[in-house]
Amino acid sequence: MTAEIIVVTSGKGGVGKTTTSASLATGLAMAGKKVAVIDFDVGLRNLDLIMGCERRVVYDFVNVVHGEATLKQALIKDKRHENLFVLAASQTRDKDALTQEGVEKVLDGLSEEGFDYIVCDSPAGIEKGAHLAMYFADMAVVVVNPEVSSVRDSDRILGLLASKTRHAERADGTTVKQHLLLTRYNPSRVASGDMLSVKDVEEILGITVVGVIPESEQVLAASNSGVPVILDQASNAGHAYHDTVARILGEERALRFLEVPKKGFLQRVFGG
């Protein structure tokens, strides 16, 4: 059985792709799947920080692509889940260090090792690294902030997913499954007209939302402490990522955290 390849992508930077890649990979591993998550952002490298394994990086993705290390040497086993592995990006190479043949070799190697899912954490935009991250994908999670500029940039990514991937080139009727993930969603700003609603974004882009991650300070706190936010049981963002993983695995779950929280009695009396 071949691994299912999921690319986490977006039109612009800073929307929460790496946070999403870390949480989706962790959530899939928590569901009993064998998962590898790969950082395609050569030169920057953030995934290992969010996964909390930056001090354990000896070999990276580029080393494997160039035959300087084996997959077994480069894969870092997550300390929390024995079926979750991280393949870090190189901080010292440039964007051209990745090749299509090399990426294919790594993905095929992971498939042969019995991985169920490979999560590809893409750089933003449409440059080479982003193209290679999406080229072999079976499923795309397009991360969008509910703002006009982010949505417009995501429209370009959806066009590339439909035309510049292996599925598109085969012309055999198969396509990359596309999902939208809204991050930093703030119901109060939606209500006041400062932010697009879920319905607005779905109508503009023409695909349905697989998850809505509420704006939350815990996301940054989790990233800074090297713990994927999906593991934070006290945060709404963590629960929203759990819901998203369940939907990716075929479960039906209603979207949560879309309404402005109702104030309790004391808040109404004393304000705040």
How many of the residues making up the stretch 200-230 are open to solvent by 20 Å² or more (accessible area, probe 1.4 Å), closer than 23 Å to Asp78 by Cβ and not in a loop (DSSP other than H, G, I, E, B)? 6
Report the residue count in the stretch 79-88 for those that are over 13 Å from Asp121 (Cβ atoms), of a type outside the set (Lys, Arg) and either touching a helix residue (DSSP H, G or I) at 6+ places or on another chain (Cβ under 8 Å) or assigned to a helix (DSSP H, G or I) (or both). 3
Mind telling me which of the residues Arg189, Arg152 ends up being touching a residue at least 12 places away in the same chain (Cβ under 8 Å), out of contact with any strand residue (DSSP E or B) (no Cβ under 6 Å at 6 or more places or on another chain) and under 28 Å from Ala237 (Cα atoms)? Arg152
What single numbered condition from (1) buried (at least 19 other Cβ atoms within 10 Å of the Cβ); (2) over 19 Å from the mean Cα position of the chain (by Cα); (3) without any contact (Cβ under 8 Å) to a residue 24 or more places away in the chain fails to hold for Gln233? (1)
If the Cβ limit is 7 Å and pairs must be 6+ apart or interchain, which residue in the stretch 192-210 that is closer than 17 Å to Gln178 by Cα pairs with which residue that is polar (S, T, N, Q)? Glu202/Thr208; Leu205/Ser154; Ile207/Gln178; Val210/Thr244
Checking the structure you have, find out if any residue of the stretch 182-197 is touching a His at 6+ places or on another chain (Cβ under 7 Å), within 30 Å of Met51 (Cα to Cα) and at pLDDT 95 or above. no
Say we look at the stretch 125-146 and pick out the residues that are farther than 13 Å from Ile38 by Cα and out of contact with any helix residue (DSSP H, G or I) (no Cβ under 7 Å at 6 or more places or on another chain); which of these is most open to solvent (accessible area, probe 1.4 Å)? His131
Among (1) more than 23 Å from Gly211 (Cα to Cα); (2) touching a Phe, Trp or Tyr at 6+ places or on another chain (Cβ under 6 Å), which single condition is Val35 missing? (1)
I'd like to know if the stretch 89-112 contains one or more residues that are assigned to a loop (DSSP other than H, G, I, E, B) and in contact (Cβ under 8 Å) with a residue 60 or more places away in the chain. no
So, in the stretch 172-199, exactly how many residues are under 15 Å from Val143 (Cα atoms) and either of a type outside the set (Ser, Thr, Tyr) or open to solvent by 30 Å² or more (accessible area, probe 1.4 Å) (or both)? 9
With the stretch 9-78 as the region, which helices (runs of 4 or more DSSP H) entirely inside it contain at least 2 residues that are at pLDDT 95 or above, over 30 Å from Ser149 (Cα atoms) and open to solvent by 40 Å² or more (accessible area, probe 1.4 Å)? 71-74
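The values are calculated or read from the model by the stated rules, or taken from the named source; none is laboratory data. Note that this is a predicted model, so its numbers are computed, not measured. FYI the Cβ positions are ideal-geometry reconstructions off the backbone, even for glycines, and counts take in every protein chain you see. We work out accessible area using only protein heavy atoms, side chains counted, and drop any ligands, DNA or RNA first. Shrake-Rupley method; radii C 1.70, N 1.55, O 1.52, S 1.80 Å.
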